[in-house]
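Down below is the structure, laid out as structure tokens.
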Amino acid sequence: MILRPARADEADTLLVIQREAAVAAFAHVYPPERYPFPDEAIREVWAEALADADVEVYVAELDGAVVGAVSVGRGFLSTLYVLPAYQGRGVGSALHDLALERLRALGFEQARLWTLDGNASGRRFYE
């Protein structure tokens, strides 16, 4: 597995990872047929994060494909998404550890994050 900074041109890749992971995790809370995923808004969020000097975005690659992403900034572990097909393989743990390492390097002694109550798998992962 390769962990590296995301490139400025990877907003579309980050969008796909977030969409697939979020739909898999939250379909029971937000059925996609009733709540279509907001592709354009999320693409813009990623583009802004990639351009923000106070936000660091990293990706995980396996076999040359980007399969996960994490972002940190301002004391927050802001996002952590892994494609469903790659969950349970240590990708999320590696990205999580990198995020905490980066926050420590930026001078933060604590990391903050949030997740939905309905995200049982995410809550188990973080707890």
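Tabulated results
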item	result
Residue selected from segment 49-80 under the condition touching a strand residue (DSSP E or B) at 6+ places or on another chain (Cβ under 9 Å) and acidic (D, E), by the criterion surrounded by the most Cβ atoms within 10 Å (Cβ to Cβ)	E56
Number of the condition not met by L3 [criteria: (1) aliphatic (A, V, I, L, M); (2) over 21 Å from A99 (Cβ atoms); (3) assigned to a strand (DSSP E or B)]	(2)
Long-range neighbours under 6 Å by Cβ, at least six apart or interchain, first residue without any contact (Cβ under 8 Å) to a residue 40 or more places away in the chain within segment 1-20, second surrounded by 12 or more Cβ atoms within 10 Å (Cβ to Cβ) and assigned to a strand (DSSP E or B)	none
Within segment 10-48, tally of residues that are surrounded by 19 or more Cβ atoms within 10 Å (Cβ to Cβ) and of a type in the set (F, W, Y)	1
Members of segment 46-72 that are more than 21 Å from G90 (Cα to Cα) and either in contact with a Pro (Cβ under 6 Å, 6 or more places away or on another chain) or touching a residue at least 24 places away in the same chain (Cβ under 8 Å) (or both)	W46, A47, A49, L50, A51
Strands (runs of 3 or more DSSP E) completely within segment 11-127 that count 2 or more residues being more than 12 Å from the chain's Cα centre (by Cα) and modelled with pLDDT of 85 or more	55-62, 65-73
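The values are calculated or read from the model by the stated rules, or taken from the named source; none is laboratory data. This structure is a prediction, so every number in the text was calculated from the model and none was measured. Virtual Cβ from ideal backbone geometry, glycine too; neighbours counted across all protein chains shown.
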